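The next block holds one structure in the form of structure tokens; read it before the comments.
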Protein chains: 2
Amino acid sequence: MSERTIFFLSDQTGVTAETLGHSLLTQFDSQKFRQVTLPFIDSEDKAREAVAKINKAAEKSAARPVVFSTLVQDEIRAIVRQVNGLHLDIFDVFLEPLESELRQKSSHTAGRAHGMSDIESYMKRIEATNFALANDDGGVTRNYEMADVILIGVSRSGKTPTCLYLALQYGVYAANYPLTDEEFDSGTLPEILVKQRRKLFGLTIAPARLRQVRRERRPLGNYASAQQVNYELRQAEKIFEKYGIPHVDTTEFSIEEIASRILDSTGVERRVRP
Amino acid sequence: MSERTIFFLSDQTGVTAETLGHSLLTQFDSQKFRQVTLPFIDSEDKAREAVAKINKAAEKSAARPVVFSTLVQDEIRAIVRQVNGLHLDIFDVFLEPLESELRQKSSHTAGRAHGMSDIESYMKRIEATNFALANDDGGVTRNYEMADVILIGVSRSGKTPTCLYLALQYGVYAANYPLTDEEFDSGTLPEILVKQRRKLFGLTIAPARLRQVRRERRPLGNYASAQQVNYELRQAEKIFEKYGIPHVDTTEFSIEEIASRILDSTGVERRVRP
């Protein structure tokens, strides 16, 4: 079967078109796709250029391209619609029912209104990112009062990327604290964490996966050994149970899924919706 | 006008439904919405619970809720379709044309197949995040060979969050190097950067905005003064011109937009498509 090209077209970044397309394409996982993003298609000239590019891909392959797009302006959508391929646009489909439900014509403006609300949400995300960086890996614990959530877990269970994702995506203040020998041996958490008990959320991970991750980081020594990994995970589990800390197994999850489960389980509100 | 509630429903994280909904709702920016995400609706019972929750919101307000959903299973979509509100689902609309284009029935499975490819892409994103953290703020410069892109700019121009976003979202290896007095006074870049010239990308920012950002970080001293900020930005601009470094003004842009413009301008390939 010849490889099919998937295009993501947008007058903006293309993130929405990509997200939409990926959700749909995962339902056809036996097929191989080449993926191309064409962002900032915000004029009729750029739309014609994009169409030429897509038609070229169509000529080269037996399989027609599929085009996912988020194009606000009718004129630009009309140009892209003529492409030699399957064209699916969210505004084509969803704008009319929304207009009639909201009893308002849409503004049909490309891009988001860059008013103060956007600058505010940018600042909130940056501040949350700085918070995550400053309160990473248990180095600083004095800001836990300000945290929305404090992730705990063994080394390499996914705490740092999850905190950064929560900050960048949702403006959530997430700190993290690694469980180490002190906690494993005593079976207790330090007072600073016990005080913030209701903010704690645990990450666990399957032993085999943790060994794999740790081996890539530090192949030698005890760090990735079965014995050490099993011990740490068992003790972490006991601590979660002792203090009634909700937790999630990250083994099979993407960063988005881990973040989403934390928000869902803790009820922490998104400070920003990007 | 009474506030309308927007629900984002998914058998997964809800990120796709949120992204789709936000793109559409920004076209109706005069209206106020309350936003609620209901993730992991992956059984008929959970679907009925979600419908009850949405119908309750409908009763409380004169304006019907709008429900954006990404529900793979027909049975679950059928339950949600009965909601007292406008229901828009991507699978309702886009699955059929895709099935006939790809000449394949979709798998109709909730969630992504968590095969090796997902674990691989998780690992790539984690590794890229570790790279960004290790090569942040010019502290380490020996790994520039491995970088896909190296961001340069004055302090607080948005380098760190952009690098982290590129890593988490796309698995791109992004380092950053802050321009300081050494570069401003000499008007030249250090040899280590000149060697990597084709990987360099500059961030600029409007003086007024930079002063605002810096004031929040360090209100006293010269750091946020008009004179200092103007001098630094002018010198940075000269350096970008001298070395022919592409750059973007981040003042009006979201993190997504900055990241997207960098990929578009440099041609750096996404290592991961989430």
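Below, the figures for the structure above:
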item	result
Burial ordering of A:H108, A:H22, fewest other beta-carbon atoms within 10 Å first	A:H108, A:H22
Relative contact order, percent, chain A [alpha-carbon distance under 8 Å, six or more residues apart]	15 percent
Residues B:L203, B:L25 arranged by fewest to most Cβ contacts within 10 Å	B:L25, B:L203
Net charge, A:T188 excluded, C-beta distance under 11 Å - Lys, Arg +1, Asp, Glu -1	-2
Debye intensity ratio I(q)/I(0), log10, the stretch A:189-273, q values 0.18 Å⁻¹ (C-alpha model)	-0.90
Cβ-based exposure ranking for A:S23, A:S265, B:S155, B:S69, in which fewest neighbours within 10 Å come first	A:S265, B:S155, A:S23, B:S69
Ellipsoid equivalent to the protein assembly as shown - semi-axes via the Cα gyration tensor, in Å	35, 32, 25
Rg in Å to one decimal, and Dmax rounded to a whole Å, for the stretch B:211-258 via C-alpha atoms	12.9, 35
GNM top mover of A:K56, A:K124, A:K238 - chain A, alpha-carbon springs below 10 Å	A:K56
Efficiency of FRET between B:A208 and A:Q82 - r from beta-carbon atoms, R0 51 angstrom, step 0.05	0.70
Where labels lie 7 Å past Cα in the beta-carbon direction, separation of A:D137 and B:A226 in nm	4.2 nm
Potential lengthening between B:R217 and B:S61 on full extension [0.36 nm per residue; Cα-Cα distance subtracted]	52.0 nm
Relative contact order (percent, whole number), the stretch A:63-179, Cα cutoff 8 Å, 6+ residue spacing	23 percent
Placed amide H near B:R271: partners under 5 Å, 5+ positions off or other chain	B:V172
Cβ-vector label at 7 Å, B:T141, separations to other copies in nm	3.8
Over 30 Å between alpha carbons, listed pairs A:K53/A:K105; A:K195/B:K56; B:K46/B:K105; B:K124/B:K199; A:K159/B:K53	A:K53/A:K105; A:K195/B:K56; A:K159/B:K53
Test item: A:126-134 mean partner chain Cβ contacts at 10 Å	3
Span per principal axis, largest first, for the Cα atoms of chain B (Å)	68, 47, 29
Label 7 Å beyond Cα on the Cβ vector: A:E75 copy-to-copy distances, nm	5.0
5 angstrom amide H check on B:V67, placed H, neighbours 5+ away	B:F7, B:L86, B:H87, B:L88
About the Cα centre, charge dipole magnitude for the protein assembly as shown (Lys/Arg +1, Asp/Glu -1 at Cβ), debye	500 debye
Choice from A:E237, A:E99, A:E75 with maximal GNM fluctuation in chain A (Cα, 10 Å cutoff)	A:E99
Scattering profile of the stretch B:4-102 at q = 0.13 Å⁻¹ [log10 I(q)/I(0), Debye over alpha-carbon scatterers]	-0.43
Amide H within-cut-off set for A:T204, under 5 Å, with H built and near neighbours excluded	A:V248, A:D249, A:T250
Fluctuation leader among B:S61, B:S121, B:S30 - chain B, Gaussian network, Cα springs under 10 angstrom	B:S30
Cα-centred dipole magnitude for the stretch A:129-225, charges only on beta-carbon of K, R (+1) and D, E (-1), debye, nearest 20	360 debye
Estimated distance in nm for a label pair at A:S2 and A:D181, the labels positioned 7 Å out from Cα along Cα-to-Cβ	6.3 nm
Inter-copy spacing of A:Q104 label points, which lie 7 Å from Cα along Cα→Cβ, given in nm from shortest upward	4.1
Net dipole in debye of the stretch B:4-102 [+1 Lys, Arg Cβ; -1 Asp, Glu Cβ; about Cα centre; nearest 20]	800 debye
Stokes-Einstein D for the stretch A:116-266, Kirkwood Rh over Cα pairs, 37 °C, 0.692 mPa s (µm²/s)	209 µm²/s
15 Å beta-carbon shell around A:N143, net charge (K/R +1, D/E -1)	-2
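Throughout, read-outs are computed from the coordinates displayed, never taken from laboratory work. In this text, all values refer to a predicted model and were calculated from it rather than measured experimentally. Heads up, the Cβs are rebuilt from the backbone with ideal geometry, glycines too, and the neighbour counts pull from every protein chain shown.
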